[in-house]
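One structure below.
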Amino acid sequence: MPDHPIDTVVRGSRGYAEQAEELVVRYEGIDFAAKHGAVLPLLPAAPASAIDIGAGTGRDAAWLAERGYRVVAVEPTEAMRSRGIALHPTPAIEWIDDSLPALHRVVAQRRRFDLVMLTAVWMHLDAEERRIAMANVAALLAPFGLLVITLRHGPVPIGRVMFVVSAEETIALAAAHGLRLALDVHAESSQAANRDAGVSWTQLAFRPKPDFRVLAADSDGSRKSREGPSDRVIALRSPSPPWQRRFASA
């Protein structure tokens, strides 16, 4: 019996179980480097600890595990999680059934990670859930960790639950929880069908601010102080090939 109640119905995951077979093929066909190319220079060196929240089929978790990372893959949809375990059977990935915004099981473990990834997850949370989730996600970061959040923009697929979310809101929310912007990239979808439908993506990366006392509390109510490195912001906008990089003081 867990110490915390676990949500039995995860609203934002609706539609994924029913479309699992189709989604597995689609997700596994997308290369990590192609999807996350802009963030590759920022990734911590292996071996490092990583947590992929909303891991889906485990595509990203597997890519990291193959390169020496110790990975926790968090996925609330059993149909996706079971397929991920079957597709990527490696002891380097620890699978956990848990979900945002509370992340009850993960938070209860009181672990910190060098890399925290949320790919195509944030738009499944409403404004209040995003506020709660950011506190919990920020508390997972190690002192010099990296948080990567990928936002989806565009029409909502039938049967899914999604909310409009902007880069500006996410950046402000992260700042309120002691995180500074390190990467801001916007691009069209790499998938033709999504691109034709007007789907685009924003990839944001954050690090803990120096000398910032984290607002999120551990489950026992204690608060932790963390310090982070000073980074420049990389901002990319496409299409306008070749991509231009703008460096600014964070």
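Every read-out reported here was derived from the displayed coordinates using simple, explicitly stated rules and does not represent laboratory data. Remember, it's a predicted structure, so these values are computed and weren't measured experimentally. So basically every Cβ, Gly included, is an ideal-geometry build from the backbone, and we count neighbours across all protein chains shown.
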ASP126-LEU87 pseudo-label distance in nm [points 7 Å out on the Cα-to-Cβ vector]: 3.1
Counting only other residues whose beta carbon sits under 11 Å from that of VAL74, what net charge do I get with K and R as +1, D and E as -1? -3
HN-Hα couplings for the stretch 87-96 via Karplus (6.51, -1.76, 1.60; θ = phi - 60°), in whole Hz with x for Gly/Pro, come out as 6, 10, x, 9, x, 6, 10, 9, 8, 10
Given a Förster distance of 22 angstrom, what is the FRET efficiency for ARG105 paired with VAL161, based on the Cβ-Cβ distance and rounded to 0.05? 0.50
Would you please give the residues with an amide H less than 5 Å from that of ALA182, counting only those at least 5 places away or on a separate chain, with H modeled from the backbone geometry? ALA205, PHE206, ARG207
Need one number: nm distance between label points at ASP97 and LEU42, each 7 Å from Cα along Cα→Cβ, rounded to one decimal. 3.3
Cβ-derived FRET efficiency at R0 30 Å, ALA33 paired with ALA175, nearest 0.05: 0.55
